[in-house]
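To keep things clear, I will list the structure first and then write my remarks on it.
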Amino acid sequence: MPGKLAIEGGKPVRTKPFPPRVQMGPEEERAVVEVVRSNALCRLNGTKVKELEKKFPEHMGSKHGIASTSGTSAIHVALGAARLNPGGEVITTPITDTGTVIPILMQNLIPVFADVDPLTCNTTAETIEEAMTDKTVAIIPVHLWGQPCDMDPILELAERNGLWVFEDCAQAHDAQYKGKKVGTMGDMGCFSFQQSKHMTTGDGGMTITDDDELAAAAAAFALKGNYFDVFVGMNYRMTELQGAVALEQLKKLEGVVEKRRRNAERLSGRISDLEGARPPHVIEGAKHVYWLYPLFLKPENLKVDPKRFAEALQAEGAPFVWPKSSEELVYAKPALTQKRVFGDSGCPWACRFYGRERWYGPGLCKTAEATLPNVLTLAMHECFTHDDIDDIAEAIVKVEANYRK
Ligand SMILES: Cc1ncc(COP(=O)(O)O)c(C=O)c1O
């Protein structure tokens with residue numbers, strides 16, 4: 001008989017709080033103080049962001065880096081650098097942050113959502129191909145939750161059709177696909193340094209590329225289009241304070257990723273043979289970096305819905321477990337279903353460069369809609385110990401045993 005669940009009055013697996021995620025240390029503190037004392041807080045006056053733009057791409061195995069203010073701006077920088085004409089369609093995934101889609105719309109381009117692989121929740125060459133039209137100009141594969149997309153077929157599809165590939169690596173720093181780090185396979189790779197990410201500057205971003213011309217255009221786009229000498233760009237300058245913190249965070253990145261991977265693999269090992277839930281499936285040749293740990297429920301084998309399963313896990317002492325919902329799919333959000341972008345013009349869809357019908361809302365990507373509500377995400381991090389992981393595993397095993405059909 002499995003132990004009585006805490007949510008039903010039993011003893012919780014864990015009463016001690018889990019360790020907080022501590023990202024900042026004396027190194028970052030010293031680095032920030034140094035910048036403050038230098039009186040040079042803008043990158044135009046200092047050296048830190050410039051140094052980061054050398055070291056970050058070096059670490060990833062790429063030639064150029066263009067720092068910016070967020071992951072959203074890093075993607076905007078990529079699209080701006082590519083000088084895409086308005087009205088082109090850009091294919092991405094509906095399971096992502098809105099930051100993937102904002103730059104598409106701001107460049108007067110049309111977001112198109114490809115369905116996902118139910119095993120991983122990532123888009124694939126097949127789902128992308130289904131979403132393609134004669135207007136498709138680019139693909140933004142998102143390496144969701146830290147797992148690389150199956151890139152070879154995606155790159156082959158892009159090559160065959162003359163499409164740009166901008167990798168969204170906001171959740172996947174140092175993730176690898178067949179020995180290559182994410183961000184180095186497409187035309188450009190885009191990273192976020194928002195607080196929850198593997199390395200952080202509070203907010204911040206970086207676009208990387210091997211292409212000299214694209215790099216120059218990206219740098220111009222992030223610097224007001226070189227004051228309109230090149231084109232109209234944005235002011236996405238990262239500050240020296242962020243640059244200084246990022247340089248310290250970069251030194252810690254490998255350690256963070258390694259600990260997360262070890263923890264996640266330990267958990268996966270302990271829950272691999274349950275009937276009501278499964279660990280994330282890692283595709284061949286991939287190194288997952290577990291920004292979040294997705295637990296895939298098998299509803300056909302469970303007596304309760306995912307929300308109840310999550311609440312039961314929380315009651316066992318794991319407050320960092322969240323059920324996902326199809327309402328989170330980007331295309332289901334009001335700004336897209338009601339096409340609220342540029343006033344009430346209906347642009348970019350109504351723009352004469354596009355002028356086609358395209359709707360957004362439930363029903364668009366059936367596999368994503370069927371799969372996501374059966375996923376719970378666990379915000380496990382590098383400060384968790386093996387004992388912490390074992391308690392999480394015990395809680396999952398206990399809840400599954402009680403709720404299994
Ligand atoms: C997949 C993905 N893309 C883009 C972004 C946007 O990054 P930022 O919040 O730094 O703008 C995020 C942020 O969470 C993300 O997870």
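The values are calculated or read from the model by the stated rules, or taken from the named source; none is laboratory data. Note that this is a predicted model, so its numbers are computed, not measured. Using ideal geometry, Cβ is built from the backbone for each residue, glycine included, and neighbour counts are taken over all protein chains shown. Protein only, heavy atoms only, side chains kept; ligands, DNA and RNA dropped before computing areas. Shrake-Rupley method; radii C 1.70, N 1.55, O 1.52, S 1.80 Å.
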Practice task
Select from segment 12-26 the residues that are among the hydrophobic types (A, V, I, L, M, F, W, C) and surrounded by 10 or more Cβ atoms within 10 Å (Cβ to Cβ) and write down the one among them that is farthest from the chain's Cα centre (by Cα).
Solution key: Val13
Completion exercise
Quick count over segment 199-208, residues being in a loop (DSSP other than H, G, I, E, B), over 19 Å from Glu58 (Cβ atoms) and small (Gly, Ala, Ser), is 0
Handout entry: Number of the condition not met by Ala82 [criteria: (1) in contact with a Cys (Cβ under 7 Å, 6 or more places away or on another chain); (2) surrounded by fewer than 24 Cβ atoms within 10 Å (Cβ to Cβ); (3) small (Gly, Ala, Ser)]
Key = (1)
Practice task
Please find, among Glu357, Glu382, the residue that is in a loop (DSSP other than H, G, I, E, B) and modelled with pLDDT under 95.
Solution key: Glu357
Practice task
Within segment 188-227, track down each residue that is charged (D, E, K, R) and within 13 Å of Arg83 (Cα to Cα).
Solution key: Glu213
Completion exercise
Over segment 63-79, the set of residues away from the ligand (no atom under 12 Å from the Cβ), surrounded by fewer than 24 Cβ atoms within 10 Å (Cβ to Cβ) and not in a strand (DSSP E or B) is Lys63
Exercise for the section: Residues that are within 17 Å of the chain's Cα centre (by Cα) and either at pLDDT below 95 or within 16 Å of the ligand (Cβ to nearest atom) (or both): find the helices (runs of 4 or more DSSP H) completely inside segment 99-176 holding 3 or more of those. Expected result: 102-106
Practice task
Tally the residues that are open to solvent by less than 50 Å² (accessible area, probe 1.4 Å) and either outside any helix (DSSP H, G or I) or under 20 Å from Asp391 (Cβ atoms) (or both), restricting the search to segment 293-318.
Solution key: 15
Practice task
Residue by residue through segment 186-198, note down the ones that are part of a loop (DSSP other than H, G, I, E, B) and surrounded by fewer than 23 Cβ atoms within 10 Å (Cβ to Cβ).
Solution key: Asp187, Gln195, Ser196
